[in-house]
Amino acid sequence: FQEYDVCIAGAGLSGAVIAERYASQLNQSVVIIEKRNHIGGNCYDYIDEETGIRVSQYGAHLFHTDNSRVWKYVQLFSDWTKYEHEVVGVVNGKHVPIPVNIETVNTLFDLNITSTEEMDNWLSEEQVKYDHEPKNSEEMALSRVGRRLYELIFHPYTIKQWNKEPSELGPEVTARIPVRNNHDSRYFGDPFQALPTSGYTAIFDNLLCHPNIDVRLDTDYFKVRDTLRCKHTYFTGPIDTYFAHLGYKKLEYRSLDFERKVVRDTGERGTFQPKFVVNHPSAGTDFTRIVEYKHLLNQTSDHTILFVERSKDGGEPYYPVPNEENKALYRRYQGLAAKEDNVTFVGRLANYKYFNMDQAIINALELFEKDNGVLSQEKDPIA
Ligand code: FDA
């Protein structure tokens, strides 16, 4: 047996933050076991060989937070370059700002709205009024943007993304999509928005470089757990895989396919599309968005690289499918998890919940503190 104070399954953000805290704050021994051949979980990025451009393997990652503790914490492991994300969508053949703002509405409906008050009035006339709380994603979207924007953007995009009618999905899916009553074309409203200057993978190198931390790649936790003696275990993989031996139904996920395309000889700064991310909500195309990494961090290359995203079932588990059946199934798994001695389930897969990076970080930090007590400011620069 190999003995450790703490064993962690999964080297994504949740596992890496827990590992860093135990090693640096409590001087405990940690092993982090990762079934992929790299650290970083879904935040993993690398330099594409053909173009020299840094790309993310599991989809575009934009860091944004309103939590000053998280912002302080991430400063410890990377330099950051300010970046405010803007997205456009191709709707009726035109590039319009996403989330919907005054310009989106003016362009699509040939209007001349200029003030927040006019936009509020326009939205209020469009919105479908219900005498109950919106029960599903269709009602939620109709109550927020009305039928015309729903049919042009929300309805076709939701079907492409989820392969389900919005009426089959919980209201939270379309509730999350912001709608602006002003000219703000930023995708996120958070005060801290930035990209790690040397990429995301470098943050994980820095989180995990402590001498107390052993990292084992290409290793499935379930294949090695009988060889480990751990005082405490943190499991950050899918909760249903932990209880797979019980034969319950699996939790449903939506996944993505990324088709890589290189456009050659664009010139050093030449790009293919106007923004880093261009959404394609319309039913006329089978992809949801195109991502062009050359837009980030002033990267230069003779070529450019695109990733064309299509949603699919199966493959890597990305987005939990929020319907009643899955929520009930998750609660069963949660009940089992609560009975496991000395095992904590942490992160987006173990909680069957979409977390942004900042949420994953704060959850991990708070869990560490809950399990160990808060440290003094002197010892902990982020206290
Ligand atoms: P994560 O999935 O990263 O890590 C879990 C790790 O556990 C994986 O590496 C997995 O291989 C490993 N594992 C699973 N089972 C195992 C086993 N049996 N044995 C060993 N290892 C095992 N957030 C944000 O703030 N801004 C953004 O722009 C985006 N964009 C984005 C795009 C897409 C497509 C997705 C899916 C997600 C985002 N995110 C995001 C969210 C971000 O990716 C997320 O917050 C973090 O990856 C969460 O980190 P975790 O460690 O919880 O999971």
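Structure summary
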read-out: Per-residue [θ]222 nm for the chain (sum of -39500 (n - 2.57) over DSSP H runs n ≥ 4, rounded to 500); value: -8500 deg cm²/dmol
read-out: The chain - share of DSSP beta bridges that are antiparallel (%, nearest 5); value: 60
read-out: Cβ-Cβ FRET estimate between His183 and Phe109, R0 fixed at 22 Å, reported to 0.05; value: 0.85
read-out: Estimated inter-spin distance, Glu172 and Arg332, nm [label 7 Å along Cα→Cβ]; value: 2.0
read-out: Candidates Phe63, Phe307, Phe109: whichever shows maximal mean-square fluctuation once the chain is modelled as a Gaussian network with Cα springs under 10 Å; value: Phe109
read-out: GNM flexibility winner over the chain from Val262, Val278, Val173 (Cα, springs under 10 Å); value: Val262
read-out: Tilt relative to the chain, helix 116-126 - C-alpha long axis, 0 to 90 degrees, to 10; value: 80
read-out: The chain, relative contact order in percent, only Cα pairs under 8 angstrom and at least six apart counted; value: 26
read-out: Length-normalised contact order of the range 70-165 in % [C-alpha pairs under 8 Å, at least 6 apart]; value: 15
read-out: Longest segment of the chain lacking trypsin sites (Lys or Arg not before Pro) that sit in a DSSP loop with at most 14 other Cβ atoms within 10 Å; value: 1-128
read-out: The range 22-59-the range 178-254 distance, computed between alpha-carbon centres (Å); value: 9
read-out: Per-residue HN-Hα couplings for the range 222-239 [Karplus 6.51, -1.76, 1.60; θ = phi - 60°; Hz; x = Gly/Pro]; value: 5, 7, 10, 5, 6, 9, 10, 10, 10, 5, 9, 10, 10, 10, 10, x, x, 4
read-out: Sites excluded, GluC sites (Glu not before Pro) in DSSP loops with at most 12 other C-beta within 10 Å, longest stretch of the chain; value: 51-267
read-out: Residue among Met357, Leu62, Leu123 farthest towards the positive dipole end of the chain, charges placed on Cβ; value: Met357
read-out: Whole-Å distance, taken between Cα centres, linking the range 294-316 and the range 103-134; value: 33
read-out: Among the listed pairs Lys164/Lys353; Lys160/Lys294; Lys231/Lys370; Lys164/Lys261; Lys250/Lys312, those beyond 22 Å (Cα-Cα); value: Lys160/Lys294; Lys164/Lys261
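Laboratory data are not the source of any read-out in this text; all were calculated from the coordinates shown. What you see is a predicted model; the values in this text were computed from it and never measured. Cβ coordinates were reconstructed from backbone atoms using ideal geometry, including for glycine residues, and neighbour counts include every protein chain displayed.
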